[in-house]
Structure formats: structure tokens, C-alpha cells
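Here the structure is laid out as C-alpha cells; the discussion comes afterwards.
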Amino acid sequence: MNQPYLSPDDLPSHLTIQLSEILFRQLEEATKQRFFLACDKITRILLSSCHWYFRINSGVLMLIMICPDIESYQNIMKTVPQFADILKRFTNRGRITVSPPANKGIPWVFSIDEILPEGDAPTT
């Protein structure tokens, strides 16, 4: 696909790009703080058991969780519907990524629109 040619005058300046990146990082950090406060005590403990942060990518707010061990990974995976419900308070287009410990599998990526509420999930 050919990109349309834009003259240098039509492109954002280097300073504008740097400021945008700083503002996105500040937004991600503020969202992280507000998200944590929106969680109940048990959910906060689960979040504290892993490395987690927010990223904004192409206008999509992404909650990224990296689990250090299988126990925290299993607990986080059981709670994904609750995380999705909280994330829906912050965005209409969100994703949750849950990564297991290194060499223990591949990350799961969920769109908050695709996650069933806790009581609606099928039982096995």
C-alpha cells in the first residue's frame, strides 16, 4: 500500500511527537492509579502479585499483566471478567493481556467486549 506523500510542513514536529509521548505516559499512569482505586481489596492484592501497567496503542487502552508464577497467573485468569468490568469504566475499547511466567505459555489477549460477565461464564 502506498503512503500519500506529505510535505515536511504537514508533518508534526519532533517536539510535538515528544510531548504527545509524554502526555500518553502521564495518561497511562493516571489511569493505573484510578484503576487501582476502583478495585476492591482482593482485586488489589491480585494486582500486587504481578507486574501490571497500562498502554495506549492506536486509541485502545490495554491493561497488561505479567505473572511471576503459576499461582498468580491462575488467580488473575479467574478474575479477568472482574478486571474487564472495571476497565469498562475507563474505556469503550479496551484489551487485557495476561502473560504467564516465562517459558510457561503464551500471553492471552482479551477484548473487553468479548469477555462474559463472571456469572455467565460456561462451567466445565
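The values are calculated or read from the model by the stated rules, or taken from the named source; none is laboratory data. In this text, all values refer to a predicted model and were calculated from it rather than measured experimentally. As a convention, Cβ positions derive from the backbone with ideal geometry for all residues, glycine included, and neighbour counts pool all protein chains shown.
Taking only pairs six or more apart or across chains, which ones have beta-carbon atoms under 6 Å, a first residue in segment 57-84 that is within 20 Å of residue 106 (Cα to Cα) and modelled with pLDDT of 95 or more, and a second residue that is in a helix (DSSP H, G or I) and among the hydroxyl-bearing types (Ser, Thr, Tyr)?
If the second residue must be in a helix (DSSP H, G or I) and among the hydroxyl-bearing types (Ser, Thr, Tyr), the pairs left are 67/73.
Just to verify a result, which residue in segment 50-102, among those that are aromatic (Phe, Trp, Tyr) and more than 17 Å from residue 27 (Cα to Cα), is surrounded by the most Cβ atoms within 10 Å (Cβ to Cβ)?
For segment 50-102, the residue satisfying everything is 83.
Can you say whether residue 46 is out of contact with any Cys (no Cβ under 8 Å at 6 or more places or on another chain) and within 30 Å of residue 103 (Cα to Cα), as far as the supplied structure shows?
In short, yes.
If I filter segment 13-49 down to residues being loosely packed, with under 14 Cβ neighbours inside 10 Å and among the β-branched types (Val, Ile, Thr), which single residue comes out as nearest to residue 70 (Cα to Cα)?
Step by step, filter segment 13-49, then rank; the result is 45.
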